[in-house]
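Heads up, the thing below is written out as structure tokens.
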Amino acid sequence: MKADAASLLEKARHAYAQRAWADAFALLRATDEIASLGVEDLERLLWSAGMLDRDQDIFAAGERLFNLHIEAGRDDQAAYWAFFRGFRLMALGEEGHATACIQQAQRLADGFGRECAAHGYLVLLAAQKELVTGNDPASEAQARQALAIGERCCDIDLIAFARCYLGRALVRQGRVEEGIALLDEAMLPATDGKISPVVTGLIYCNLIAACRQVYALDRSREWTQALSNWCGSQPQLVQFNGICLLHRAEIMELNGAWQESIAEARRATLSLTHAIGSEAAAGAAYQEAEIHRLRGEFAAAEDLYRAASRLGLDPQPGMALLRLMQGRTEQATATIRRVLATTKAPLGRARLLPALVEIMMAAGAFDGARDACAELEALARRFATEILAAMAAQARGEIEMAGGDAATALGHFRAALTIWQRSGAPYLEARLRVLAGQACRMLGDEDGAELEFEVAGSVFAALGAAPDLARVNLLMRPTASPSHGLTPREIEVLGLVATGKTNRLIAIELGLSEKTVDRHISNIFDKLAVNSRTAAAAYAFQNGLV
């Protein structure tokens with residue numbers, strides 16, 4: 001019997017070392033049925049269960065480890081496993097049970113008589129809570145405290161985890177370079193295989209999330225590839241496959257590989273089917289919806305945005321932009337304003353502000369667009385990342401162009417275009433080219449406009465971005481008979497409506513009677529099949545009439 005157990009245990013340890021998690025788990029459990037596992041092998045069993053995303057087995061092994069350490073008088077180690085249980089329960093949304101475990105961990109750590117690693121993990125949990133609530137300075141202070149405890153207690157997992165949270169807190173305060181350097185440092189022991197496997201996966205995910213928040217695209221690509229390689233080297237891995245596929249889908253969309261991005265998002269969804277309410281599962285649905293929206297497949301996009309909502313994610317700004325593309329500008333405006341009103345974190349607002357500018361411009365609400373642009377510019381200065389600068393430059397250019405200053409607008413568009421070209425984002429680059437082409441046309445440079453429109457059109461055609469392609473095709477035929485049927489005078493009136501002018505002001509500016517302006521606007525509504533000034537203005541902006 002002992003010989004059988006020894007043989008199984010040797011195979012189990014070998015499988016564990018090879019990161020063959022399913023094999024290791026099965027062999028360790030088989031060994032345990034013959035002879036109870038010791039502490040180190042119970043830990044191997046727990047981490048194997050963790051990498052297979054088997055929560056019941058994680059909790060069972062964790063409870064046994066807790067009891068073994070209590071019996072041995074090792075309250076410091078028992079405190080760690082109480083913390084671990086609470087941390088996992090919190091991730092699963094079981095707040096009451098989690099709080100009880102955390103309190104138990106605190107009591108055991110405090111009763112140990114001296115500082116232990118569990119103290120650091122408990123402080124780190126407080127740092128995480130501050131991050132969630134947006135109190136980044138407090139999170140920074142607590143992460144530094146946890147890091148110091150980890151270094152004094154020589155706990156490499158705690159050190160790496162604390163550096164990870166500290167890096168995120170710094171990034172969110174605008175200290176981007178310093179924060180990302182700490183995140184990179186947190187990954188060093190992970191890439192060397194020196195920290196526990198579950199913690200390695202968590203650090204990968206935190207690092208990529210931080211890079212995405214500040215649009216550090218090159219770093220996001222680099223670490224997403226590293227995570228993909230790490231997952232790929234473990235064929236039996238379950239736990240982090242879904243989030244890895246989601247990150248890959250996001251990078252593929254940016255790179256212009258839209259069909260591949262949809263395939264990865266669907267694979268992520270399949271791997272996360274058990275994770276009801278999972279943020280990653282919701283993210284996978286949202287990611288696929290975005291590409292359907294850009295391709296003009298509005299029904300499919302709406303279904304997926306709603307799926308993301310059911311999984312707990314507010315599907316914005318994507319759904320608001322979908323409403324804009326459907327001509328439902330008032331709904332788009334109400335939605336994006338509602339989301340921004342409840343979003344306080346600066347980086348969260350930075351993600352929404354470009355959509356607000358686009359929707360406000362389409363609605364002819366130029367004061368709102370200017371306010372959103374000013375806030376975006378302030379955030380770009382605060383976080384000092386190229387991509388935020390490009391987003392702010394594009395917004396400023398659109399406002400300048402709407403105000404008639406095409407030369408200044410073109411300068412902003414060129415600056416943003418250079419950044420998107422360097423970042424390898426073909427769709428976003430093509431959208432800038434359309435704007436640059438419109439500015440060239442306003443300046444009388446029809447050749448320059450045509451060149452920009454041709455390049456943008458070829459990109460949209462290759463991507464399958466049907467709405468953008470239709471718009472650029474319209475812009476490339478300025479002398480063709482317009483499909484809208486508006487007369488030159490009606491287009492002139494529509495342009496003034498889009499700037500927010502009243503009928504009386506339009507009449508004064510054009511030297512017409514208000515009754516004539518009323519008639520022109522009625523004709524415009526009929527020809528465009530709209531029933532509001534806002535919808536007419538949206539049509540004008542979306543179709544290059546202003």
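The values are calculated or read from the model by the stated rules, or taken from the named source; none is laboratory data. Note that the structure is a prediction, hence the values are computed from the model and not measured. With ideal geometry, Cβ positions are generated from the backbone for all residues, glycine too; neighbour counts draw on all protein chains shown.
Some values worked out for this structure:
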quantity: Where a residue in the range 94-108 is in contact (Cβ under 8 Å) with a residue 60 or more places away in the chain and basic (Lys, Arg) and its partner, wherever it lies, is surrounded by 13 or more Cβ atoms within 10 Å (Cβ to Cβ) and assigned to a helix (DSSP H, G or I), with Cβ under 9 Å and at least six apart; calculated: none
quantity: Selection within the range 182-211 - among the charged types (D, E, K, R) and either surrounded by 15 or more Cβ atoms within 10 Å (Cβ to Cβ) or without any contact (Cβ under 8 Å) to a residue 12 or more places away in the chain (or both); calculated: Asp184, Glu185, Asp192
quantity: Counted residues, the range 516-546 - those being polar (S, T, N, Q), assigned to a helix (DSSP H, G or I) and within 19 Å of Pro488 (Cβ to Cβ); calculated: 3
quantity: Sole exception among (1) farther than 20 Å from Leu158 by Cβ; (2) buried (at least 22 other Cβ atoms within 10 Å of the Cβ); (3) in contact with a His (Cβ under 8 Å, 6 or more places away or on another chain) for Ala78, by number; calculated: (1)
quantity: Segments classed as helices (runs of 4 or more DSSP H), wholly inside the range 186-294, with at least 3 members that are under 12 Å from the mean Cα position of the chain (by Cα); calculated: 197-213, 241-255, 279-294
quantity: Within the range 358-389, tally of residues that are under 21 Å from Gly318 (Cα atoms), of a type in the set (Gly, Ala, Ser) and touching a Leu at 6+ places or on another chain (Cβ under 8 Å); calculated: 4
quantity: Counted residues, the range 284-314 - those being surrounded by fewer than 23 Cβ atoms within 10 Å (Cβ to Cβ) and touching a His at 6+ places or on another chain (Cβ under 9 Å); calculated: 5
quantity: Meets criteria (more than 16 Å from Gly256 (Cβ to Cβ), among the hydrophobic types (A, V, I, L, M, F, W, C) and assigned to a helix (DSSP H, G or I)) for Phe453; calculated: yes
quantity: Where a residue in the range 40-53 is in the same structural domain as Trp21 (by TED's automatic domain parsing) and part of a loop (DSSP other than H, G, I, E, B) and its partner, wherever it lies, is surrounded by 23 or more Cβ atoms within 10 Å (Cβ to Cβ) and at pLDDT 95 or above, with Cβ under 7 Å and at least six apart; calculated: Leu52/Trp21; Leu52/Phe25
quantity: Scope the range 342-357; condition of a type in the set (Gly, Ala, Ser) and buried (at least 21 other Cβ atoms within 10 Å of the Cβ); matching residues; calculated: Ala350, Ala355
quantity: Unmet requirement for Arg19, which otherwise passes all of (1) assigned to a helix (DSSP H, G or I); (2) farther than 20 Å from Cys116 by Cα; (3) touching a Leu at 6+ places or on another chain (Cβ under 9 Å); calculated: (1)
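For (1) in a loop (DSSP other than H, G, I, E, B); (2) over 15 Å from Gln239 (Cα atoms); (3) modelled with pLDDT under 95, each residue gets a yes or a no:
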position: Ala3; (1), (2), (3): no, yes, yes
position: Ala15; (1), (2), (3): no, yes, no
position: Asp23; (1), (2), (3): no, yes, no
position: Ile58; (1), (2), (3): no, no, no
position: Ala61; (1), (2), (3): no, yes, no
position: His69; (1), (2), (3): no, yes, no
position: Gln77; (1), (2), (3): no, yes, no
